[in-house]
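The values are calculated or read from the model by the stated rules, or taken from the named source; none is laboratory data. Remember, predicted model here, so these are calculated numbers, not experimental data. All Cβ positions, even for glycine, are placed from backbone atoms using ideal geometry, and neighbour counts span all protein chains on display. Ligands, DNA and RNA are stripped out before the accessible areas are found, and what is left, the full protein with its side chains, is counted by its heavy atoms. Shrake-Rupley method; radii C 1.70, N 1.55, O 1.52, S 1.80 Å.
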Amino acid sequence: MKRHGAPKSKSEKDNYAKQAQQARSCVLQAKEYFDAANTSSLYTGPNHAYYGSIALTSLSMLILGDGRNALDQLRKNNENNHHGLDFTLGCNVKSAMQGINLLESSRAEILNKGHFRNWYNLLPARGSVHAITDYTLTNDQRRINYESIGGYDTPKIEQLKKKKTALDLIKYLPDLDQDLARYGVGVFRSRTNLDVKIERGNKVIYTWRIHGCRSESELEALLANFLTKSDSQNKFTWSGFDGQLSGIVRFESPTNEPTPFIWPSSRDTMSHESISYADMDETHELVDLYVLAYQFSMLSRYYPDIWVSCLESQCRAAKIIERANSIIIKKLPILILSVLRDVQVIISTHRAPWMK
């Protein structure tokens, strides 16, 4: 009722109760699917993880959507029985055992129908960008918090790239940053910290600490993403550290003069590190994890000979798959919860770094 308003009739109230009961059923199923994924090997675990993901995305539809998104209503249209994704594979048993061939040749096509469309269209139209904010209120008063300091428009389903390989998705999973470097998968990125200092309400200082790129071209590509209006361009300053591919970018703006500007797209790891990318599409990481879970499930179910051959070969793809599947199981439920609560949920065993 808080989300959708008080029911206007008894039948509408009954529908609310029905939808809540369906949501409960999705939670119960999701828990058992993810429990099974945690205790299964990679031979079958990805299939459990994907069906757990379906249960959680159904849950989010039931909570974010109105009565048109109730499961019994969706079942009336045969189009909604489709996953909303299509899968193709371009390798065989022999080639899947080499390098990262399986990840490069596994493709998911996004269709404008079925479960994926119904769920995607209810996701927030804007994604949030969070940072540690330091407010100087008076000479002896400060307030430090971790909060949203901006956002980005996410593409409509018609604007999504229709086909993505598993590697296209894996490259931008921040929790795999070090693994991808170890296994020779290149992507222009850097670990980055963003702090925002607000001084007595009359000046805002944004500071990005770029901790290290792997090449000059990677650093240049990242810095090229700091953009604003031409008359304000000189407000960006770059201070590089001698002999290192790292440094600090600063931007100052009077609070009474809002200046639209953009900076490299970033995603946070589960250990609360931020990875910035030079060429990442502005999509929810949740969507990428879901589509990747679909691809792993399709491989394990319908191409078991190719899937098992890859895993048992211990090739680079097998190593990356093992880590990526673990991220899906651990992180996708947290991201679903973040969407439902409309705040960034952080689950940690240590004190939040912005709490002094």
I'm trying to understand the selection: among the residues of region 304-336, which are under 26 Å from the mean Cα position of the chain (by Cα), open to solvent by 40 Å² or more (accessible area, probe 1.4 Å) and farther than 24 Å from residue 347 by Cα? 316, 319
Taking only pairs six or more apart or across chains, which ones have beta-carbon atoms under 6 Å, a first residue in region 62-84 that is in contact (Cβ under 8 Å) with a residue 12 or more places away in the chain and closer than 26 Å to residue 295 by Cβ, and a second residue that is of a type in the set (Phe, Trp, Tyr) and in a helix (DSSP H, G or I)? 84/116
Would you tally the residues in region 215-234 being modelled with pLDDT under 90 and open to solvent by 60 Å² or more (accessible area, probe 1.4 Å)? 6
Quick one: count up the residues across region 267-276 that are part of a strand (DSSP E or B) and either open to solvent by 50 Å² or more (accessible area, probe 1.4 Å) or β-branched (Val, Ile, Thr) (or both). 1
Limited to region 200-213, what total is found for residues that are at pLDDT below 90 and assigned to a loop (DSSP other than H, G, I, E, B)? 4
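Identify, from the list 39, 57, 44, the residue that is within 28 Å of residue 329 (Cα to Cα), among the β-branched types (Val, Ile, Thr) and open to solvent by 80 Å² or more (accessible area, probe 1.4 Å).
Exactly one residue qualifies, and that residue is 39.
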Which ones in region 1-52 are in contact with a helix residue (DSSP H, G or I) (Cβ under 9 Å, 6 or more places away or on another chain), in a loop (DSSP other than H, G, I, E, B) and either within 21 Å of residue 308 (Cβ to Cβ) or of a type in the set (Ser, Thr, Tyr) (or both)? 40, 41, 42, 43, 44
Restricting region 60-84 to residues that are closer than 16 Å to residue 297 by Cβ and under 22 Å from the mean Cα position of the chain (by Cα), which is least open to solvent (accessible area, probe 1.4 Å)? 84
Considering only residues that are of a type in the set (A, V, I, L, M, F, W, C), in a strand (DSSP E or B) and open to solvent by less than 50 Å² (accessible area, probe 1.4 Å), look in region 102-143 and name the one that is farthest from residue 71 (Cα to Cα). 132
